[in-house]
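Student: So that we are looking at the same thing, I have put the structure below in structure tokens.
The values are calculated or read from the model by the stated rules, or taken from the named source; none is laboratory data. If you're wondering where the values come from, they're calculated on a predicted model, not measured in any experiment. With ideal geometry, Cβ positions are generated from the backbone for all residues, glycine too; neighbour counts draw on all protein chains shown. Each accessible area value is taken on the protein alone, full model and side chains, heavy atoms only, with ligands, DNA and RNA left out. Shrake-Rupley method; radii C 1.70, N 1.55, O 1.52, S 1.80 Å.
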Amino acid sequence: DGPHRLQPAAEPRSAQSHAGESTCECKQPRRMSMTTNRDDVHQVLAHRSNPLDDANEYFAIGLPGLYLAICSGDIGYWPSGDRACSECMAEPRDLESLALLREAWCVAFVKSIINPADERLPFHHAVCITAFTAIDHRLDESRGRKLHRFLNGALYECFSEDSVRRAAALVAKARMHKLIGCLCDAIGSVNDNLATRAGQPAQASFVYVYRGVEESTQQALAALRPGERRVFPEFLVVSLNQGNASRFAGPSGTILRFKVPREMAARISRWTMTGRDSEVLITCSAIAIFKGMTAQPDGPRLVELEVVEKLAADGSVPIFRFRPGHGDHDG
């Protein structure tokens, strides 16, 4: 059916304060005190049977506040220019109401999941996955995932050589640290079923996944030598289906084939609005070893990468634990 886009729904009903409310004082003509979706969230939780559901854990993420900060231009990784969302500024609703409507759509989607096995994922983990993968604006799909783009952009730009961009990214990352932590925890909550559902032996300690990238990324990878390492600061959405990656890459692009430890990846398709059954999320800050590149006749190149570790919490590279056959080039 293709990806679903977040659409305006009924106005929020509760007038209680919301954890994570933005304190942005940007000059916007349509601002008001934020109401909340708190009552609706509690109603959803009341109908679930997962003892790990925790309303406080969910509200601490402050999802509406993040939507508001992104669309108002309060946070972002651009060093200059008008950062407010032109789409949201053109809407008749104020920015706070739009932020709440986006949260409400994610909550309603998780509410619609009625499979008892899928409800085993804690509510706050499920909503975070839904929000991260959702097309939350009416732009084309690649640009319409604004929360996705801002979060991954902040993680990536924290390593920028431009001090202004790096500083802005660190501010954005700090504002989103609860969401980042929740996504990491969500991967830990669901990854046990990944290898089994992928048709691989239950005892397998890794899974193979694919990501299609454009030609510019291939050019950057072409400079690597086997054994060199590359850090992927952002969360990577990948596929168990090589054909999906091939269609995205196109004949002149590249397919990244990752060998990933099970604990660092999770099959998230049941909690996304994309309808793609093979969707997998790799945790942020993954460190991968470049194994080689293969040209394929009449198709995209195939790059082999093995994820072996992730950056420490402070962004440093941990003491590397080599496995037999790995190179020793720092990269």
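Student: Condition check: at pLDDT below 90 and open to solvent by 10 Å² or more (accessible area, probe 1.4 Å). Does Gly243 satisfy that? Spell out the reasoning first.
Tutor: On the way: at pLDDT below 90: yes; open to solvent by 10 Å² or more (accessible area, probe 1.4 Å): yes.
Considered against the rule, which asks whether it is at pLDDT below 90 and open to solvent by 10 Å² or more (accessible area, probe 1.4 Å), Gly243 comes out as yes.
Student: Limited to segment 273-294, what total is found for residues that are open to solvent by less than 10 Å² (accessible area, probe 1.4 Å), touching a helix residue (DSSP H, G or I) at 6+ places or on another chain (Cβ under 7 Å) and of a type in the set (Gly, Ala, Ser)?
Tutor: Selection size over segment 273-294: 1.
Student: Quick check on my filter: what residues within segment 298-313 are open to solvent by 50 Å² or more (accessible area, probe 1.4 Å), of a type in the set (D, E, K, R) and closer than 30 Å to Cys182 by Cβ?
Tutor: Residue satisfying the conditions is Lys310 alone.
Student: How many residues are at pLDDT 90 or above, open to solvent by less than 50 Å² (accessible area, probe 1.4 Å) and either basic (Lys, Arg) or under 23 Å from the mean Cα position of the chain (by Cα) (or both) if we restrict to segment 197-228?
Tutor: Of the residues in segment 197-228, 4 are at pLDDT 90 or above, open to solvent by less than 50 Å² (accessible area, probe 1.4 Å) and either basic (Lys, Arg) or under 23 Å from the mean Cα position of the chain (by Cα) (or both).
Student: Further, regarding this structure: Assess whether Leu155 counts as being buried (at least 19 other Cβ atoms within 10 Å of the Cβ) and touching a strand residue (DSSP E or B) at 6+ places or on another chain (Cβ under 8 Å).
Tutor: On the way: buried (at least 19 other Cβ atoms within 10 Å of the Cβ): yes; touching a strand residue (DSSP E or B) at 6+ places or on another chain (Cβ under 8 Å): no.
So Leu155 fails the test.
Student: If the requirement is being outside any strand (DSSP E or B) and at positive phi, which of these qualifies: Gly243, Gly292, Gly275?
Tutor: Numbers: Gly243 fails: at positive phi; Gly292 fails: outside any strand (DSSP E or B).
Being outside any strand (DSSP E or B) and at positive phi holds for just one of Gly243, Gly292, Gly275, which is Gly275.
Student: With the condition kept exactly as written, say whether any residue in segment 166-183 is out of contact with any strand residue (DSSP E or B) (no Cβ under 6 Å at 6 or more places or on another chain), assigned to a loop (DSSP other than H, G, I, E, B) and within 30 Å of Glu214 (Cα to Cα). Lay out the reasoning, then the answer.
Tutor: Going through segment 166-183, the residues out of contact with any strand residue (DSSP E or B) (no Cβ under 6 Å at 6 or more places or on another chain) turn out to be 166-183.
From what's left, assigned to a loop (DSSP other than H, G, I, E, B): 176.
The next check asks that each one be within 30 Å of Glu214 (Cα to Cα); those that pass are 176.
Checked against the condition, which is being out of contact with any strand residue (DSSP E or B) (no Cβ under 6 Å at 6 or more places or on another chain), assigned to a loop (DSSP other than H, G, I, E, B) and within 30 Å of Glu214 (Cα to Cα), segment 166-183 yields at least one hit.
Student: Which one is farthest from Arg267 (Cα to Cα) among residues in segment 169-196 that are surrounded by 14 or more Cβ atoms within 10 Å (Cβ to Cβ) and modelled with pLDDT under 55?
Tutor: Going through the qualifying residues, I end up with Thr196.
Student: On to the next question. Select, from Ala286, Ala245, Ala295, Ala265, the only residue that is of a type in the set (Gly, Ala, Ser) and over 27 Å from Ile180 (Cα atoms). Spell out how you get there, then give the answer.
Tutor: Working: Ala286 fails: over 27 Å from Ile180 (Cα atoms); Ala245 fails: over 27 Å from Ile180 (Cα atoms); Ala265 fails: over 27 Å from Ile180 (Cα atoms).
After ruling out the rest, the residue left standing is Ala295.
A quick yes/no check of all residues on (1) at pLDDT below 95; (2) open to solvent by less than 10 Å² (accessible area, probe 1.4 Å); (3) out of contact with any helix residue (DSSP H, G or I) (no Cβ under 9 Å at 6 or more places or on another chain); (4) hydroxyl-bearing (Ser, Thr, Tyr):
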{"residue": "Ile61", "(1), (2), (3), (4)": "no, no, no, no"}
{"residue": "Ala69", "(1), (2), (3), (4)": "yes, yes, no, no"}
{"residue": "Tyr77", "(1), (2), (3), (4)": "yes, no, no, yes"}
{"residue": "Asp94", "(1), (2), (3), (4)": "yes, no, yes, no"}
{"residue": "Ser112", "(1), (2), (3), (4)": "yes, no, yes, yes"}
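Student: Ok, one more. Quick check on my filter: what residues within segment 258-272 are among the hydrophobic types (A, V, I, L, M, F, W, C) and under 28 Å from Ile114 (Cβ atoms)? Talk me through it step by step, then tell me what you get.
Tutor: Keep residues of segment 258-272 that are among the hydrophobic types (A, V, I, L, M, F, W, C), which gives 258, 260, 264-266, 268, 271.
The answer is Ala265, Ala266, Ile268, Trp271.
Student: Something else: Any residue at all in segment 115-123 that is buried (at least 21 other Cβ atoms within 10 Å of the Cβ) and assigned to a helix (DSSP H, G or I)?
Tutor: yes
Student: Here's something else I'd like to know. For residues that are over 12 Å from Ser239 (Cα atoms) and not acidic (Asp, Glu), scanning just segment 261-273, find the one that is modelled with the lowest pLDDT. Don't jump to the end; show me each part of the working.
Tutor: Taking segment 261-273 and keeping what is over 12 Å from Ser239 (Cα atoms), we get 261-264, 270-273.
Narrowing further to those that are not acidic (Asp, Glu): 261-262, 264, 270-273.
On the way: Pro261: 92, Arg262: 88, Met264: 93, Arg270: 88, Trp271: 91, Thr272: 90, Met273: 83.
Restricting to residues being over 12 Å from Ser239 (Cα atoms) and not acidic (Asp, Glu), the top hit is Met273.
Student: Suppose we filter segment 251-272 for residues that are in contact with a Lys or Arg (Cβ under 8 Å, 6 or more places away or on another chain), under 17 Å from Leu121 (Cα atoms) and buried (at least 20 other Cβ atoms within 10 Å of the Cβ); how many remain?
Tutor: Number of matching residues: 2.
Student: Assess whether Cys128 counts as being within 19 Å of Gly153 (Cβ to Cβ) and at pLDDT 95 or above.
Tutor: The answer is yes for Cys128.
Student: Select, from Glu25, Glu87, Glu57, the only residue that is open to solvent by 10 Å² or more (accessible area, probe 1.4 Å), at pLDDT 95 or above and of a type outside the set (A, V, I, L, M, F, W, C).
Tutor: None of the other options fit; the residue is Glu57.
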